[in-house]
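The values are calculated or read from the model by the stated rules, or taken from the named source; none is laboratory data. Just so it is clear, the structure is predicted and the values come from calculations on it, not from any experiment. Reconstructed Cβ throughout: ideal geometry from the backbone, glycine too, with neighbour counts over all protein chains shown. Please note that ligands, DNA and RNA were not included when accessible areas were found on the heavy atoms of the full protein model with its side chains. Shrake-Rupley method; radii C 1.70, N 1.55, O 1.52, S 1.80 Å.
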Amino acid sequence: MTQDSAEQSAVRLPGVTPGPPSAPAPPTTPAPPKALDFALDRGSPVPLYYQLAQQLEAAIEQGALGPGSLLGNEIELAGRLGLSRPTVRQAIQSLVDKGLLVRRRGVGTQVVHSQVKRPLELSSLYDDLEAAGHKPATRVVRNTLAPASAEVAAALGIAEGADVHHLERLRLAHGEPMAFLSNYVPMGLLALDTGKLEVTGLYRMMRGAGVTLHSARQSVGARRATAGEGTMLGEPEGAALLTMRRTAYDDTGRAVEYGTHIYRASRYSFDFRLLVRP
């Protein structure tokens, strides 16, 4: 294998077919999509399973893989893509966990639906609460260096295992818990003093350090609180939580922050402004 082929290979996923229709109703699943192209960079620090999962998720969101489409079983996929079965299994499981795929005995792996993602204004929870007069406060639970996981490394564009700043903060409003924030920040971007984090927001600190925030990719979802999360947020176990994942970029296109946050649905909601597409 040449160096170029070892570093990056484009693979195609043929034979993706719609699921069998339910008798006696006529077929309602989409027509078989065209073969899908996946560019897997084998020289990248981002694991192959994560690359495959991201590209499969993009194909689902963009409609290339519609609801009901069958991907086949793990052995077939591994053979088609030239990957090991554990790699394919890990990629599929990550999308099963997100609710995008489902494994059906005797059928294979099937697309369930695509996620709906809507952009929000690029602002911090601290700024939002302060602007609304809700007297924000912060308890810093963690402020340490940690090795970047595959997910964090992919979001920030760094090598897996590289050191990143890991922050965990409990955000309060009028003295009551509102959200639990987990953030990852690249090394060398700014000084993350715990005392300052307790009296202001992360984005405000970034702006003060000369970082010009420009854009972000964000997804919003929901799930039930674990017992530990409920205790921390003042909610019963199983209470509804809003979830948010965000990667923020500066004006040079550099990823400057990756966050995974949970919010009390009983106390907080996301507000959207929707425009008609011309």
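Shown here is the pair-distance distribution of region 193-235: with all Cα-Cα distances grouped in 5 Å bins from zero up to the longest one, the shares run 5, 15, 13, 13, 17, 20, 12, 4 percent.
Counting only protein heavy atoms and a probe of 1.4 Å, the accessible surface of region 186-231 is 51% carbon and sulfur.
Note on region 180-278: percent of Cα-Cα distances in each 10 Å bin, starting at 0 and stopping at the bin with the largest distance, equals 13, 36, 33, 16, 1.
Packing-based ranking of 47-57, 159-169 yields 47-57, 159-169, ordered from highest to lowest mean Cβ neighbour count within 10 Å.
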